[in-house]
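Trainee: I am attaching a structure below and will ask some questions about it afterwards.
What follows draws every value from the coordinates through simple rules; no lab data is involved. Keep in mind it's a predicted model, so treat the numbers as computed, not measured. Methodologically, a virtual Cβ is constructed for each residue, glycine included, from the backbone with ideal geometry; neighbour enumeration extends over all protein chains shown.
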Amino acid sequence: MTAYLEITLSWLFKNFRGRDDKAFTTNPAFASHPEPTLQVTSPDCGADGATLSKGYIAGGKVLIPELKWETVEGVKEWLVVNEDFDAPLPKPICHGIYVGVPAEKLSLGNEDFQPAAGASSTQLKGGFSYGMTRNGKLYTPPRPLINHGFHRYFWFVVGLNEPLDPEFVASKPSREAVAAKIDGRVVAWGRWMGQCERKWE
């Protein structure tokens with residue numbers, strides 16, 4: 001997409017943003033846990049709401065923010081989802097969805113998101129698998145439309161009271177399929193948000 005086309009689209013869709021009401025955590029699975037109770041931090045990117053540096057944005061090193069959280073009683077497995085709330089579309093764009101994260105794992109770094117050697121196509125070094133993103137890749141780095149303003153990228157960490165079926169985990173499930181599968185399994189969840197923008201220069 002050329003820069004001129006992006007700028008035109010940004011102008012046309014300048015008010016199409018803020019899909020907070022369609023967030024992953026607004027699905028029925030979270031009816032009993034409507035608010036976050038788990039604190040999620042990012043040691044390398046900073047406080048919640050931090051501006052992402054170039055290394056974390058498309059065209060840079062494509063780093064993934066490090067995430068850390070604390071243990072929660074009753075959690076048997078974790079689920080991690082990354083969404084762009086401000087893309088000019090009817091619902092947030094899924095930039096990453098990671099299933100089967102071991103219960104004992106309380107942090108994720110770039111190495112965890114690397115493909116596991118000799119493993120199936122969705123298995124990662126961190127001991128979990130990735131699901132279906134908008135472009136089908138393991139992770140889609142932030143790339144807001146030029147001059148569309150800041151986009152917020154939310155990372156959700158969700159604790160489940162029982163592990164997901166291994167076959168389901170390996171099936172590269174979609175955001176919608178995962179949301180349906182975790183109904184009745186959510187114990188707690190938290191979020192961390194980083195933001196960025198791209199300007200015409």
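Trainee: Given H placed 1.01 Å from N in the peptide plane, which residues other than close sequence neighbours of GLY131 have an amide H under 5 Å from its amide H?
Mentor: For GLY131, the qualifying residues are ILE97, TYR98, VAL99.
Trainee: Taking a 19 Å limit on the Cα-Cα distance, which of the listed pairs LYS76/LYS181; LYS61/LYS105; LYS76/LYS105; LYS68/LYS105; LYS54/LYS105; LYS125/LYS172 fall beyond it?
Mentor: LYS61/LYS105; LYS54/LYS105
Trainee: While we're here: Less than 18 Å apart at the alpha-carbon level, and either on another chain or at least 8 residues along: which lysines does that give for LYS91?
Mentor: Within the straight-line cut-off, LYS91 pairs with LYS14, LYS22.
Trainee: Roughly how compact is the range 2-98, stated as its Cα Rg over 2.2 N^0.38 Å to two decimals?
Mentor: For the range 2-98, the normalised Cα radius of gyration comes out at 1.29.
Trainee: With the crude spin-label approximation of a point 7 Å out along Cα→Cβ, what separation in nm comes out for ASN15 versus LYS61?
Mentor: Reported label-point gap for ASN15 and LYS61 is 4.1 nm.
Trainee: In addition: Taking a point 7 angstrom from the Cα of TYR139 along the C-beta vector, which residues in the range 24-57 have backbone N less than 19 Å away?
Mentor: 40-57, by backbone N distance to the label point.
Trainee: Helix 3-12: angle to the longest alpha-carbon principal axis of the chain, degrees 0 to 90, nearest 10?
Mentor: 80 degrees
Trainee: Run the numbers for ASN161 and ALA47: contour at 0.36 nm per residue of separation, minus the present Cα-Cα distance, in nm.
Mentor: Stretched fully, the ASN161-ALA47 segment lengthens by 38.2 nm.
Trainee: With labels modelled as points extended 7 Å from the Cα through the Cβ direction, what inter-label distance (nm, one decimal) is found for LYS68 paired with LYS22?
Mentor: 3.5 nm
Trainee: For the range 87-146, which trypsin sites (Lys or Arg not before Pro) pass both filters: DSSP loop (anything but H, G, I, E, B) and at most 11 other C-beta atoms within 10 Å?
Mentor: Qualifying residues, ordered by number: none.
Trainee: With the Cα gyration tensor of the range 3-196 in hand, convert its eigenvalues to equivalent ellipsoid semi-axes via √(5λ) and list them largest first in whole Å.
Mentor: After scaling each eigenvalue by five and taking roots: 27, 19, 16 Å.
Trainee: For the residues PHE150, PHE156, PHE113, what sequence is obtained by ranking on other C-beta atoms within 10 Å, fewest first?
Mentor: PHE150, PHE113, PHE156
Trainee: Can you tell me what share of the DSSP beta bridges in the range 51-201 is antiparallel? A percent to the nearest 5 is fine.
Mentor: Around 95 percent antiparallel, to the nearest 5.
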